[in-house]
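The values are calculated or read from the model by the stated rules, or taken from the named source; none is laboratory data. Keep in mind that this is a model prediction, so the values were computed, not measured. Here the Cβ positions follow ideal geometry from the backbone for every residue, glycine too, while neighbour counts run over all protein chains shown.
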């Protein structure tokens, strides 16, 4: 803790946009305003927004948010995608020097960065180098990612709304699949963590299995990056469902990997683009879905017969910002922004905000959470994976995951089936 330093605050958004990232932006602004930022005599002189994250900061592309109208802020909060624009730039020492030059020029001493793993690492790098250079820049990371893979956090803003989209999309897609039977594959975001793909299981409602046992509502098969993906076993899984029901509905994470740990999608995408963090851009290609479709057509084609009807969709970017936000997600995304502002205006020097669930996980349990400050090193550039208790075998998720995810996503519609 320390005394407040006199200077401006700057806020940036980084990484993939979400349906609620602007709630966090507005939360920071509200929190700073409540502490008097921008008023005469207050240590925080004004509130600036970076256009496209640190890219805008180093290019002097800043927007003054100090007196942004309250009514417009509330509309902005409900608006999907990054209102200030985003970036995937990862600063090195030279880049950080440009950041410090911009901060000196504009009198900035409070740095708020909203983003996921890579963004938290950017915040850590800027924080450490500012300390080394003896430039007082108080750095705060605000969590965001649809992948839900930040350490310490029970879940991250952006995930519940994206999971809601996945669940509803798979509900509709499964009804399509039983109307015109065939094999349907949905490729869902999740490079290293399977939380978003696992949310497809919420689509299961009221199927009528052919024999006694659990429901076989779709998707009947769910493949996560935490479980090695074996193509022959995949074909066998699909064949079993297809032979019984004449159809099969499948959810596959874009990040599924072979037993040696090599991502299947990265092997299939020719001349793949990578971002500044070295990540192969998996969501911009339908190569994984196409390859799995072709595999099933080849392996399940009877001798002298016709290949089964197989189709694949890659949900891609539409998952991130679909305007059907979870109410929990909206409230918590605003809350983490306000909490980061509270940390800064209380004299904290740096840190990240984490969402901690305070209620037990279980069917029909009331949901509650709180916010905590954690060290940047606890979250920066680290990845949380689906825990073992959320995974059921090699192609399903457990009841524990459904109990964990359902209150975050909120009520889902019921549909009638004849």
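A few notes on this one:
For (1) assigned by TED's automatic domain parsing to the domain that holds residue 218; (2) out of contact with any helix residue (DSSP H, G or I) (no Cβ under 9 Å at 6 or more places or on another chain), each residue gets a yes or a no:
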{"position": "334", "(1), (2)": "no, no"}
{"position": "344", "(1), (2)": "no, no"}
{"position": "348", "(1), (2)": "no, no"}
{"position": "353", "(1), (2)": "no, no"}
{"position": "363", "(1), (2)": "no, no"}
{"position": "367", "(1), (2)": "no, no"}
{"position": "374", "(1), (2)": "no, yes"}
{"position": "395", "(1), (2)": "yes, no"}
{"position": "400", "(1), (2)": "yes, no"}
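- Scanning the stretch 119-152 for residues that are under 19 Å from residue 333 (Cβ atoms) and not in a strand (DSSP E or B) yields 119, 120, 123, 144, 145, 146, 147, 148, 149, 150, 151, 152.
- The lone criterion from (1) closer than 25 Å to residue 143 by Cβ; (2) in a loop (DSSP other than H, G, I, E, B) left unmet by residue 414 is number (1).
- Which listed residue, of 31, 56, 38, 15, is touching a residue at least 40 places away in the same chain (Cβ under 8 Å) and on the phi > 0 side of the Ramachandran plot: 15
- Any hit, the stretch 159-175, residues being buried (at least 24 other Cβ atoms within 10 Å of the Cβ) and more than 19 Å from residue 314 (Cα to Cα): yes
- Restricting attention to the stretch 184-198, the residues that are within 18 Å of residue 383 (Cβ to Cβ) and buried (at least 24 other Cβ atoms within 10 Å of the Cβ) add up to 9.
- Matching residues, the stretch 23-68, being buried (at least 22 other Cβ atoms within 10 Å of the Cβ) and part of a loop (DSSP other than H, G, I, E, B): 37, 53, 65
- Taken together, 410, 347 contain a single residue that is exposed (fewer than 15 other Cβ atoms within 10 Å of the Cβ) and in contact (Cβ under 8 Å) with a residue 40 or more places away in the chain, which is 347.
- A single member of 369, 359 is within 24 Å of residue 144 (Cβ to Cβ) and within 20 Å of the chain's Cα centre (by Cα), and it is 369.
- So residue 259, is it outside the structural domain of residue 15 (by TED's automatic domain parsing), at negative phi, loosely packed, with under 13 Cβ neighbours inside 10 Å and modelled with pLDDT of 90 or more: yes
- Residue match in the stretch 116-127 (condition: in the same structural domain as residue 46 (by TED's automatic domain parsing), more than 12 Å from residue 12 (Cβ to Cβ) and either surrounded by fewer than 19 Cβ atoms within 10 Å (Cβ to Cβ) or more than 25 Å from the chain's Cα centre (by Cα) (or both)): no
- If you go through the stretch 393-407 and pick out every residue that is surrounded by fewer than 18 Cβ atoms within 10 Å (Cβ to Cβ) and assigned to a loop (DSSP other than H, G, I, E, B), you end up with 2.
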